[in-house]
Amino acid sequence: MSSVIEIKVPDLGNVADIDIIEVLVNVGDQVAVEQTLAVMETDKATMDLPSSAAGKITQVHIKVGDKVTEGTLIATLEVGDVAPAAAAESTPAPAPVAEPAPVVEAPKVEVAKPAAAPAPVAAVVVNNNGQKPHATPSVRLFARELGVDLSKIPTGSGPKGRYLKDDVKNFVKQVMASPATATGSGIPSIPAVDFTQFGEVEEKQLSKIKRLTGQNLTRVWLNLPLVTYHDEVDIGALEDFRKAVNSGLAKDAVKVTGLIFIMKALVAAMQKYPAFNSSLSADGEKLIYKKYFHIGIAVDTPNGLVVPVIRDVDQKGIFQLSAELAEKSELARQGKLKPADMQGGCMTISSLGGIGGTAFTPIVNAPEVAILGVTRAKMQPVWNGTGFDPKLMLPLDISYDHRVIDGAEGARFMEALKSYLGDIRRLLL
Ligand code: CAO
(Lines give C-alpha, C1' and ligand atoms only; values in the text may rest on other atoms or scores of the structure.)
Protein backbone atom coordinates (compact mmCIF):
# COMPACT_ATOMS: atom_id res chain seq x y z
CA MET A 1 0.00 0.00 0.00
CA SER A 2 1.45 3.38 -0.92
CA SER A 3 1.35 6.50 1.23
CA VAL A 4 2.19 10.14 0.83
CA ILE A 5 4.83 11.98 2.83
CA GLU A 6 5.91 15.59 2.92
CA ILE A 7 9.56 16.58 2.75
CA LYS A 8 10.25 19.77 4.71
CA VAL A 9 13.26 21.96 5.40
CA PRO A 10 14.80 20.63 8.63
CA ASP A 11 16.18 22.51 11.62
CA LEU A 12 18.82 24.86 10.23
CA GLY A 13 20.04 26.25 13.50
CA ASN A 14 18.43 29.69 13.66
CA VAL A 15 19.10 30.51 10.03
CA ALA A 16 16.05 31.82 8.18
CA ASP A 17 15.18 32.99 4.67
CA ILE A 18 17.64 30.84 2.81
CA ASP A 19 17.67 31.07 -1.00
CA ILE A 20 16.77 28.08 -3.11
CA ILE A 21 19.34 28.13 -5.91
CA GLU A 22 18.59 24.84 -7.63
CA VAL A 23 15.59 22.53 -7.85
CA LEU A 24 16.71 19.16 -9.13
CA VAL A 25 13.43 17.23 -9.38
CA ASN A 26 10.15 17.48 -11.23
CA VAL A 27 6.70 16.05 -10.65
CA GLY A 28 6.70 12.40 -11.70
CA ASP A 29 10.42 11.84 -10.96
CA GLN A 30 11.37 8.68 -9.10
CA VAL A 31 13.83 9.56 -6.33
CA ALA A 32 16.06 7.46 -4.10
CA VAL A 33 16.75 7.86 -0.41
CA GLU A 34 19.24 10.73 0.16
CA GLN A 35 18.88 11.94 -3.40
CA THR A 36 19.22 15.71 -3.52
CA LEU A 37 15.91 17.41 -4.23
CA ALA A 38 17.08 21.01 -4.10
CA VAL A 39 20.04 23.16 -3.15
CA MET A 40 19.95 26.08 -0.70
CA GLU A 41 22.47 28.86 -0.34
CA THR A 42 23.18 31.42 2.36
CA ASP A 43 25.80 34.08 1.80
CA LYS A 44 28.33 31.68 3.34
CA ALA A 45 27.40 28.15 2.44
CA THR A 46 25.42 25.92 0.10
CA MET A 47 23.51 22.85 1.29
CA ASP A 48 21.73 19.97 -0.34
CA LEU A 49 18.20 19.12 0.66
CA PRO A 50 18.06 15.33 0.41
CA SER A 51 14.97 13.14 0.31
CA SER A 52 14.30 11.02 3.39
CA ALA A 53 12.60 8.27 1.41
CA ALA A 54 12.47 6.65 -1.98
CA GLY A 55 9.36 7.31 -4.01
CA LYS A 56 7.65 9.31 -6.72
CA ILE A 57 7.43 13.12 -6.58
CA THR A 58 3.78 14.15 -6.75
CA GLN A 59 4.29 17.86 -6.00
CA VAL A 60 7.21 20.28 -5.90
CA HIS A 61 6.44 23.23 -3.61
CA ILE A 62 9.49 25.39 -4.18
CA LYS A 63 11.20 27.08 -7.11
CA VAL A 64 14.55 28.76 -7.70
CA GLY A 65 14.62 32.14 -5.96
CA ASP A 66 12.25 31.14 -3.11
CA LYS A 67 13.35 31.83 0.43
CA VAL A 68 12.89 28.95 2.84
CA THR A 69 13.04 28.45 6.60
CA GLU A 70 12.76 25.42 8.89
CA GLY A 71 9.51 23.64 8.13
CA THR A 72 9.00 25.00 4.61
CA LEU A 73 7.44 22.31 2.44
CA ILE A 74 9.79 21.18 -0.33
CA ALA A 75 8.05 18.29 -2.04
CA THR A 76 5.36 15.69 -1.63
CA LEU A 77 6.35 12.12 -2.24
CA GLU A 78 4.35 8.98 -2.86
CA VAL A 79 6.12 6.07 -1.22
CA GLY A 80 5.29 2.40 -1.37
CA ASP A 81 4.62 0.29 1.75
CA VAL A 82 5.94 2.86 4.23
CA ALA A 83 3.95 3.85 7.29
CA PRO A 84 3.42 7.61 7.24
CA ALA A 85 4.62 7.88 10.84
CA ALA A 86 7.92 6.20 10.04
CA ALA A 87 8.40 8.37 7.02
CA ALA A 88 7.69 11.54 8.93
CA GLU A 89 10.29 10.63 11.51
CA SER A 90 13.07 10.68 8.96
CA THR A 91 12.93 14.37 8.31
CA PRO A 92 15.57 15.18 5.76
CA ALA A 93 18.60 17.07 6.85
CA PRO A 94 21.21 18.88 4.84
CA ALA A 95 24.26 16.67 4.64
CA PRO A 96 27.15 17.67 6.86
CA VAL A 97 30.07 19.72 5.63
CA ALA A 98 32.79 17.32 4.50
CA GLU A 99 35.11 19.37 2.31
CA PRO A 100 38.45 20.34 3.84
CA ALA A 101 39.15 23.75 5.33
CA PRO A 102 35.68 25.20 5.65
CA VAL A 103 35.72 28.95 6.04
CA VAL A 104 32.57 29.13 8.18
CA GLU A 105 30.76 26.72 10.41
CA ALA A 106 27.97 24.82 8.76
CA PRO A 107 24.48 25.48 10.02
CA LYS A 108 23.58 23.30 13.01
CA VAL A 109 21.46 20.40 11.83
CA GLU A 110 19.90 17.34 13.37
CA VAL A 111 20.86 14.52 11.05
CA ALA A 112 18.34 11.71 10.96
CA LYS A 113 19.40 9.21 8.35
CA PRO A 114 18.23 5.69 7.71
CA ALA A 115 20.90 3.32 9.02
CA ALA A 116 21.76 1.77 5.67
CA ALA A 117 21.54 4.94 3.61
CA PRO A 118 24.41 5.68 1.25
CA ALA A 119 26.85 8.40 2.22
CA PRO A 120 25.12 11.73 1.63
CA VAL A 121 26.30 14.31 -0.78
CA ALA A 122 28.40 16.74 1.17
CA ALA A 123 27.22 20.27 1.55
CA VAL A 124 30.06 22.51 0.53
CA VAL A 125 31.20 25.67 2.13
CA VAL A 126 31.99 28.05 -0.65
CA ASN A 127 34.72 30.56 -0.28
CA ASN A 128 33.91 33.51 -2.45
CA ASN A 129 37.44 34.86 -2.25
CA GLY A 130 38.32 32.69 -5.19
CA GLN A 131 39.92 29.94 -3.10
CA LYS A 132 37.27 27.41 -4.06
CA PRO A 133 35.21 27.42 -7.26
CA HIS A 134 31.65 28.56 -6.65
CA ALA A 135 29.37 25.56 -7.24
CA THR A 136 26.61 23.64 -5.55
CA PRO A 137 27.31 20.23 -4.03
CA SER A 138 25.40 18.48 -6.80
CA VAL A 139 27.50 20.19 -9.46
CA ARG A 140 30.66 19.34 -7.51
CA LEU A 141 29.57 15.72 -7.30
CA PHE A 142 28.82 15.68 -11.02
CA ALA A 143 32.25 17.18 -11.77
CA ARG A 144 33.94 14.68 -9.46
CA GLU A 145 32.19 11.77 -11.15
CA LEU A 146 33.54 12.92 -14.50
CA GLY A 147 36.99 13.65 -13.09
CA VAL A 148 36.69 17.34 -13.86
CA ASP A 149 38.63 19.80 -11.73
CA LEU A 150 36.26 22.78 -11.48
CA SER A 151 39.14 25.21 -11.09
CA LYS A 152 40.16 24.29 -14.67
CA ILE A 153 36.89 25.75 -16.04
CA PRO A 154 37.52 29.44 -16.67
CA THR A 155 34.06 30.78 -15.69
CA GLY A 156 30.74 29.57 -14.41
CA SER A 157 27.69 30.73 -16.31
CA GLY A 158 25.33 30.77 -13.30
CA PRO A 159 24.47 33.74 -11.09
CA LYS A 160 27.56 35.27 -9.44
CA GLY A 161 29.76 33.13 -11.71
CA ARG A 162 28.50 29.91 -10.15
CA TYR A 163 29.34 26.72 -12.08
CA LEU A 164 26.35 24.88 -13.49
CA LYS A 165 26.08 21.29 -14.72
CA ASP A 166 26.12 22.63 -18.27
CA ASP A 167 29.49 24.30 -17.64
CA VAL A 168 30.92 20.92 -16.62
CA LYS A 169 29.32 19.19 -19.64
CA ASN A 170 30.65 21.83 -22.04
CA PHE A 171 34.12 21.56 -20.55
CA VAL A 172 34.11 17.77 -21.03
CA LYS A 173 32.89 18.15 -24.63
CA GLN A 174 35.65 20.65 -25.32
CA VAL A 175 38.32 18.37 -23.87
CA MET A 176 37.04 15.36 -25.82
CA ALA A 177 37.07 17.33 -29.06
CA SER A 178 40.64 18.50 -28.58
CA PRO A 179 43.18 16.00 -29.96
CA ALA A 180 45.92 17.26 -27.69
CA THR A 181 43.90 16.62 -24.53
CA ALA A 182 41.78 13.72 -25.71
CA THR A 183 42.79 11.69 -22.68
CA GLY A 184 41.30 14.29 -20.37
CA SER A 185 44.73 15.03 -19.02
CA GLY A 186 43.74 18.61 -18.37
CA ILE A 187 47.13 19.78 -19.66
CA PRO A 188 46.90 23.46 -20.55
CA SER A 189 47.03 24.04 -24.28
CA ILE A 190 49.80 26.03 -25.99
CA PRO A 191 48.69 29.66 -26.16
CA ALA A 192 47.96 31.11 -29.61
CA VAL A 193 50.61 33.56 -30.80
CA ASP A 194 50.27 36.15 -33.54
CA PHE A 195 53.58 35.55 -35.33
CA THR A 196 53.01 38.41 -37.77
CA GLN A 197 54.15 40.75 -35.02
CA PHE A 198 57.65 39.30 -35.47
CA GLY A 199 57.83 39.05 -39.27
CA GLU A 200 56.25 37.69 -42.44
CA VAL A 201 54.53 34.30 -42.20
CA GLU A 202 52.60 31.88 -44.43
CA GLU A 203 49.92 29.41 -43.29
CA LYS A 204 49.57 25.92 -44.82
CA GLN A 205 46.98 23.30 -43.94
CA LEU A 206 48.44 20.12 -42.39
CA SER A 207 47.93 16.98 -44.47
CA LYS A 208 45.35 14.50 -43.19
CA ILE A 209 48.12 11.99 -42.47
CA LYS A 210 50.01 14.54 -40.38
CA ARG A 211 46.89 15.44 -38.42
CA LEU A 212 45.98 11.81 -37.72
CA THR A 213 49.57 10.86 -36.89
CA GLY A 214 49.76 13.86 -34.57
CA GLN A 215 46.64 12.78 -32.69
CA ASN A 216 47.88 9.22 -32.35
CA LEU A 217 51.35 10.25 -31.19
CA THR A 218 49.88 12.64 -28.62
CA ARG A 219 47.58 9.90 -27.33
CA VAL A 220 50.51 7.50 -26.96
CA TRP A 221 52.76 10.14 -25.40
CA LEU A 222 50.15 10.90 -22.75
CA ASN A 223 49.07 7.31 -22.06
CA LEU A 224 52.21 5.17 -22.15
CA PRO A 225 55.12 5.32 -19.70
CA LEU A 226 57.90 5.05 -22.28
CA VAL A 227 61.54 4.14 -21.78
CA THR A 228 64.13 4.29 -24.55
CA TYR A 229 67.30 2.18 -24.36
CA HIS A 230 70.24 2.85 -26.67
CA ASP A 231 73.03 0.56 -27.82
CA GLU A 232 75.15 -0.19 -30.86
CA VAL A 233 76.35 -3.29 -32.66
CA ASP A 234 79.24 -4.13 -34.94
CA ILE A 235 77.69 -4.95 -38.35
CA GLY A 236 80.93 -5.29 -40.31
CA ALA A 237 80.33 -8.99 -41.08
CA LEU A 238 76.68 -8.36 -41.91
CA GLU A 239 77.61 -5.58 -44.33
CA ASP A 240 80.17 -7.80 -46.06
CA PHE A 241 77.52 -10.47 -46.50
CA ARG A 242 74.92 -7.94 -47.70
CA LYS A 243 77.31 -6.55 -50.32
CA ALA A 244 78.15 -10.07 -51.50
CA VAL A 245 74.44 -10.85 -51.82
CA ASN A 246 73.76 -7.66 -53.76
CA SER A 247 76.71 -8.15 -56.10
CA GLY A 248 75.20 -11.43 -57.21
CA LEU A 249 71.83 -9.90 -58.08
CA ALA A 250 70.56 -9.09 -61.54
CA LYS A 251 70.89 -5.42 -62.48
CA ASP A 252 67.17 -4.69 -62.20
CA ALA A 253 66.63 -6.72 -59.01
CA VAL A 254 65.66 -4.98 -55.79
CA LYS A 255 68.77 -4.39 -53.69
CA VAL A 256 68.86 -5.84 -50.19
CA THR A 257 69.33 -3.11 -47.57
CA GLY A 258 70.44 -3.59 -43.97
CA LEU A 259 66.86 -3.00 -42.88
CA ILE A 260 65.80 -6.40 -44.19
CA PHE A 261 68.30 -8.17 -41.92
CA ILE A 262 67.19 -5.97 -39.05
CA MET A 263 63.61 -7.15 -39.64
CA LYS A 264 64.66 -10.81 -39.51
CA ALA A 265 66.83 -10.27 -36.42
CA LEU A 266 64.02 -8.36 -34.71
CA VAL A 267 61.57 -11.21 -35.23
CA ALA A 268 64.09 -13.71 -33.83
CA ALA A 269 64.47 -11.53 -30.72
CA MET A 270 60.66 -11.27 -30.41
CA GLN A 271 60.44 -15.07 -30.57
CA LYS A 272 62.94 -15.26 -27.73
CA TYR A 273 61.16 -12.54 -25.69
CA PRO A 274 57.43 -12.88 -26.49
CA ALA A 275 56.42 -9.88 -24.33
CA PHE A 276 57.73 -7.73 -27.20
CA ASN A 277 55.12 -9.36 -29.43
CA SER A 278 52.20 -8.59 -27.15
CA SER A 279 49.59 -5.92 -26.46
CA LEU A 280 47.92 -4.90 -23.22
CA SER A 281 44.19 -5.57 -23.07
CA ALA A 282 42.08 -2.41 -23.01
CA ASP A 283 41.39 -2.78 -19.26
CA GLY A 284 45.13 -3.16 -18.62
CA GLU A 285 44.55 -6.51 -16.83
CA LYS A 286 45.91 -8.95 -19.42
CA LEU A 287 48.72 -9.34 -21.95
CA ILE A 288 47.69 -10.62 -25.34
CA TYR A 289 50.54 -12.61 -26.90
CA LYS A 290 50.57 -12.78 -30.69
CA LYS A 291 51.67 -15.90 -32.50
CA TYR A 292 52.21 -14.09 -35.79
CA PHE A 293 55.07 -11.73 -36.67
CA HIS A 294 53.96 -8.72 -38.70
CA ILE A 295 56.44 -5.83 -38.72
CA GLY A 296 55.53 -2.20 -39.39
CA ILE A 297 58.08 -0.05 -41.22
CA ALA A 298 57.88 3.72 -40.79
CA VAL A 299 58.10 5.29 -44.24
CA ASP A 300 58.79 8.94 -44.88
CA THR A 301 56.38 10.30 -47.54
CA PRO A 302 55.74 13.81 -48.91
CA ASN A 303 52.47 13.81 -46.94
CA GLY A 304 53.95 12.59 -43.67
CA LEU A 305 54.82 9.41 -41.88
CA VAL A 306 52.98 6.18 -42.76
CA VAL A 307 53.58 2.67 -41.48
CA PRO A 308 52.94 -0.19 -43.94
CA VAL A 309 52.97 -3.61 -42.32
CA ILE A 310 54.97 -6.50 -43.74
CA ARG A 311 53.22 -9.71 -42.79
CA ASP A 312 54.67 -13.01 -41.57
CA VAL A 313 58.27 -11.83 -41.61
CA ASP A 314 59.29 -15.07 -39.84
CA GLN A 315 58.15 -17.10 -42.85
CA LYS A 316 59.72 -15.03 -45.63
CA GLY A 317 63.22 -14.89 -47.09
CA ILE A 318 65.49 -11.89 -47.60
CA PHE A 319 64.60 -11.36 -51.27
CA GLN A 320 60.86 -11.65 -50.80
CA LEU A 321 61.03 -9.17 -47.92
CA SER A 322 63.15 -6.75 -49.99
CA ALA A 323 60.65 -6.87 -52.84
CA GLU A 324 57.70 -6.38 -50.49
CA LEU A 325 59.31 -3.47 -48.64
CA ALA A 326 60.19 -1.78 -51.94
CA GLU A 327 56.61 -2.24 -53.18
CA LYS A 328 54.94 -1.08 -49.95
CA SER A 329 57.22 1.92 -49.44
CA GLU A 330 56.59 3.00 -53.05
CA LEU A 331 52.82 2.68 -52.58
CA ALA A 332 53.19 4.66 -49.34
CA ARG A 333 55.02 7.47 -51.10
CA GLN A 334 52.34 7.60 -53.78
CA GLY A 335 49.62 7.66 -51.11
CA LYS A 336 48.15 4.41 -52.46
CA LEU A 337 48.32 2.15 -49.40
CA LYS A 338 45.01 0.60 -48.36
CA PRO A 339 43.99 0.68 -44.68
CA ALA A 340 44.57 -3.09 -44.46
CA ASP A 341 48.21 -2.55 -45.55
CA MET A 342 48.77 -0.54 -42.38
CA GLN A 343 46.99 -2.78 -39.87
CA GLY A 344 48.01 -5.70 -37.69
CA GLY A 345 51.59 -4.70 -36.91
CA CYS A 346 53.27 -6.40 -33.93
CA MET A 347 56.26 -4.08 -33.64
CA THR A 348 57.51 -1.17 -35.75
CA ILE A 349 60.96 -0.23 -37.06
CA SER A 350 61.72 3.43 -37.60
CA SER A 351 64.92 3.63 -39.62
CA LEU A 352 66.61 6.96 -40.20
CA GLY A 353 69.81 5.20 -41.24
CA GLY A 354 69.56 6.33 -44.84
CA ILE A 355 69.55 9.94 -43.60
CA GLY A 356 71.90 10.10 -40.60
CA GLY A 357 71.74 10.44 -36.82
CA THR A 358 73.41 8.83 -33.83
CA ALA A 359 70.37 8.14 -31.60
CA PHE A 360 66.75 9.13 -31.12
CA THR A 361 63.72 8.21 -29.02
CA PRO A 362 60.98 6.77 -31.27
CA ILE A 363 57.42 6.71 -29.93
CA VAL A 364 55.73 3.32 -29.64
CA ASN A 365 53.00 2.69 -32.20
CA ALA A 366 50.38 1.58 -29.62
CA PRO A 367 48.77 -0.90 -29.06
CA GLU A 368 52.17 -2.34 -29.94
CA VAL A 369 54.43 -2.32 -26.89
CA ALA A 370 57.80 -1.50 -28.45
CA ILE A 371 59.47 0.17 -31.40
CA LEU A 372 63.00 -0.13 -32.75
CA GLY A 373 64.81 3.01 -33.89
CA VAL A 374 67.82 2.76 -36.23
CA THR A 375 70.24 5.53 -37.19
CA ARG A 376 73.28 5.67 -39.44
CA ALA A 377 76.04 3.08 -39.12
CA LYS A 378 79.55 4.53 -39.08
CA MET A 379 83.13 3.41 -38.64
CA GLN A 380 84.32 3.82 -35.07
CA PRO A 381 87.42 2.88 -33.07
CA VAL A 382 86.55 0.05 -30.69
CA TRP A 383 88.92 -1.01 -27.90
CA ASN A 384 90.00 -4.66 -28.18
CA GLY A 385 92.00 -4.84 -24.94
CA THR A 386 95.31 -3.80 -26.40
CA GLY A 387 94.41 -1.37 -29.13
CA PHE A 388 91.60 0.14 -31.21
CA ASP A 389 89.99 -1.70 -34.10
CA PRO A 390 87.98 0.11 -36.79
CA LYS A 391 84.41 -1.27 -36.64
CA LEU A 392 81.22 -0.44 -38.50
CA MET A 393 78.85 0.33 -35.62
CA LEU A 394 75.09 0.50 -36.06
CA PRO A 395 73.20 2.54 -33.41
CA LEU A 396 69.95 0.99 -32.18
CA ASP A 397 67.27 2.53 -29.94
CA ILE A 398 64.45 0.59 -28.41
CA SER A 399 61.47 2.38 -26.85
CA TYR A 400 59.02 0.26 -24.86
CA ASP A 401 55.90 0.50 -22.74
CA HIS A 402 57.25 0.18 -19.22
CA ARG A 403 53.95 -1.27 -17.99
CA VAL A 404 54.67 -4.36 -20.06
CA ILE A 405 58.46 -4.54 -20.28
CA ASP A 406 60.86 -3.84 -17.47
CA GLY A 407 64.36 -2.42 -17.88
CA ALA A 408 66.25 -5.72 -17.56
CA GLU A 409 64.01 -7.40 -20.14
CA GLY A 410 64.53 -4.45 -22.48
CA ALA A 411 68.29 -4.78 -22.12
CA ARG A 412 68.18 -8.57 -22.66
CA PHE A 413 66.07 -8.10 -25.76
CA MET A 414 68.61 -5.63 -27.13
CA GLU A 415 71.45 -8.08 -26.37
CA ALA A 416 69.62 -10.80 -28.32
CA LEU A 417 68.99 -8.45 -31.23
CA LYS A 418 72.66 -7.44 -31.27
CA SER A 419 73.81 -11.06 -31.19
CA TYR A 420 71.72 -11.82 -34.30
CA LEU A 421 72.92 -8.71 -36.15
CA GLY A 422 76.52 -9.26 -35.04
CA ASP A 423 76.48 -12.76 -36.50
CA ILE A 424 73.44 -13.53 -38.62
CA ARG A 425 74.30 -17.23 -38.67
CA ARG A 426 72.69 -17.24 -35.21
CA LEU A 427 69.34 -16.80 -36.92
CA LEU A 428 69.69 -20.41 -38.02
CA LEU A 429 70.20 -21.76 -34.52
N1 CAO B 1 73.39 3.07 -41.80
C2 CAO B 1 74.04 3.38 -42.94
N3 CAO B 1 73.43 3.40 -44.14
C4 CAO B 1 72.15 3.06 -44.19
C5 CAO B 1 71.41 2.72 -43.07
C6 CAO B 1 72.11 2.73 -41.83
N7 CAO B 1 71.50 2.41 -40.69
N8 CAO B 1 70.15 2.47 -43.43
C9 CAO B 1 70.08 2.62 -44.75
N10 CAO B 1 71.28 2.99 -45.21
C11 CAO B 1 71.63 3.23 -46.58
C12 CAO B 1 71.11 2.11 -47.48
O13 CAO B 1 71.98 1.01 -47.48
C14 CAO B 1 71.04 2.81 -48.77
O15 CAO B 1 72.35 2.93 -49.31
P16 CAO B 1 72.63 2.76 -50.88
O17 CAO B 1 71.84 3.82 -51.54
O18 CAO B 1 74.10 2.91 -50.97
O19 CAO B 1 72.16 1.39 -51.20
C20 CAO B 1 70.61 4.22 -48.39
O21 CAO B 1 70.95 4.36 -47.02
C22 CAO B 1 69.12 4.50 -48.53
O23 CAO B 1 68.40 3.45 -47.94
P24 CAO B 1 66.82 3.50 -47.98
O25 CAO B 1 66.34 4.43 -46.96
O26 CAO B 1 66.37 3.74 -49.36
O27 CAO B 1 66.40 2.00 -47.65
P28 CAO B 1 66.13 1.33 -46.27
O29 CAO B 1 65.73 -0.06 -46.57
O30 CAO B 1 67.22 1.51 -45.31
O31 CAO B 1 64.85 2.12 -45.71
C32 CAO B 1 62.66 3.06 -45.69
C33 CAO B 1 63.60 2.02 -46.32
C34 CAO B 1 61.32 2.93 -46.34
C35 CAO B 1 62.55 2.78 -44.20
C36 CAO B 1 63.26 4.45 -45.87
O37 CAO B 1 63.33 4.76 -47.23
C38 CAO B 1 62.55 5.55 -45.12
O39 CAO B 1 61.47 6.03 -45.53
N40 CAO B 1 63.12 6.01 -44.02
C41 CAO B 1 62.57 7.07 -43.18
C42 CAO B 1 61.73 6.49 -42.08
C43 CAO B 1 61.28 7.57 -41.14
O44 CAO B 1 60.89 8.65 -41.51
N45 CAO B 1 61.37 7.28 -39.85
C46 CAO B 1 61.09 8.23 -38.87
C47 CAO B 1 59.89 7.84 -38.14
S48 CAO B 1 59.72 8.70 -36.65
O49 CAO B 1 59.25 10.14 -37.09
Residue check, ILE405 in a loop (DSSP other than H, G, I, E, B) and away from the ligand (no atom under 16 Å from the Cβ): yes
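Table: residues versus (1) free of Cβ contacts under 8 Å to residues at least 60 places away in the same chain; (2) buried (at least 19 other Cβ atoms within 10 Å of the Cβ); (3) touching a strand residue (DSSP E or B) at 6+ places or on another chain (Cβ under 6 Å).
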{"residue": "CYS346", "(1), (2), (3)": "no, yes, no"}
{"residue": "ILE349", "(1), (2), (3)": "no, yes, yes"}
{"residue": "ILE355", "(1), (2), (3)": "yes, no, no"}
{"residue": "VAL369", "(1), (2), (3)": "no, yes, yes"}
{"residue": "PHE388", "(1), (2), (3)": "yes, no, yes"}
{"residue": "PRO395", "(1), (2), (3)": "no, yes, yes"}
{"residue": "ASP406", "(1), (2), (3)": "yes, no, no"}
{"residue": "LEU421", "(1), (2), (3)": "no, yes, yes"}
Mind checking which residues of segment 1-30 are at pLDDT below 90, under 40 Å from the mean Cα position of the chain (by Cα) and in a strand (DSSP E or B)? ILE20, ILE21, GLU22, VAL23
Which of the following residues is in the same structural domain as MET342 (by TED's automatic domain parsing), near the ligand (Cβ under 10 Å from one of its atoms), under 22 Å from SER419 (Cα atoms) and in a helix (DSSP H, G or I): MET270, MET263? MET263
Among (1) out of contact with any Asp or Glu (no Cβ under 6 Å at 6 or more places or on another chain); (2) surrounded by fewer than 17 Cβ atoms within 10 Å (Cβ to Cβ); (3) modelled with pLDDT of 95 or more; (4) not polar (S, T, N, Q), the one test that LYS338 misses: (3)
Could you list, in sequence order, the residues of segment 371-391 that are part of a loop (DSSP other than H, G, I, E, B) and within 14 Å of the ligand (Cβ to nearest atom)? THR375, ARG376, ALA377
Subset of segment 294-313, residues polar (S, T, N, Q) and within 11 Å of the ligand (Cβ to nearest atom), comes to THR301
When the residues of segment 279-291 are narrowed to those that are touching a residue at least 12 places away in the same chain (Cβ under 8 Å) and out of contact with any Asp or Glu (no Cβ under 9 Å at 6 or more places or on another chain), which ends up surrounded by the most Cβ atoms within 10 Å (Cβ to Cβ)? LYS290
Selection within segment 31-44 - touching a Ser or Thr at 6+ places or on another chain (Cβ under 9 Å) and modelled with pLDDT of 80 or more: VAL31, ALA32, VAL33, GLU34, GLN35, THR36, LEU37, VAL39, MET40
For the structure I just gave you, tell me whether LEU217 is under 25 Å from ASP283 (Cβ atoms), hydrophobic (A, V, I, L, M, F, W, C) and in contact (Cβ under 8 Å) with a residue 40 or more places away in the chain. yes
Out of all the residues in segment 222-232, is one or more in the same structural domain as SER279 (by TED's automatic domain parsing) and within 12 Å of the ligand (Cβ to nearest atom)? yes
Looking for something assigned to a strand (DSSP E or B) and near the ligand (Cβ under 10 Å from one of its atoms) - is there at least one such residue anywhere in segment 352-370? no
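The values are calculated or read from the model by the stated rules, or taken from the named source; none is laboratory data. A quick note: this is a predicted structure, and the numbers were derived from the prediction, not measured. Here the Cβ is made from the backbone with ideal geometry for all residues, glycine too, and neighbour counts use every protein chain on show.
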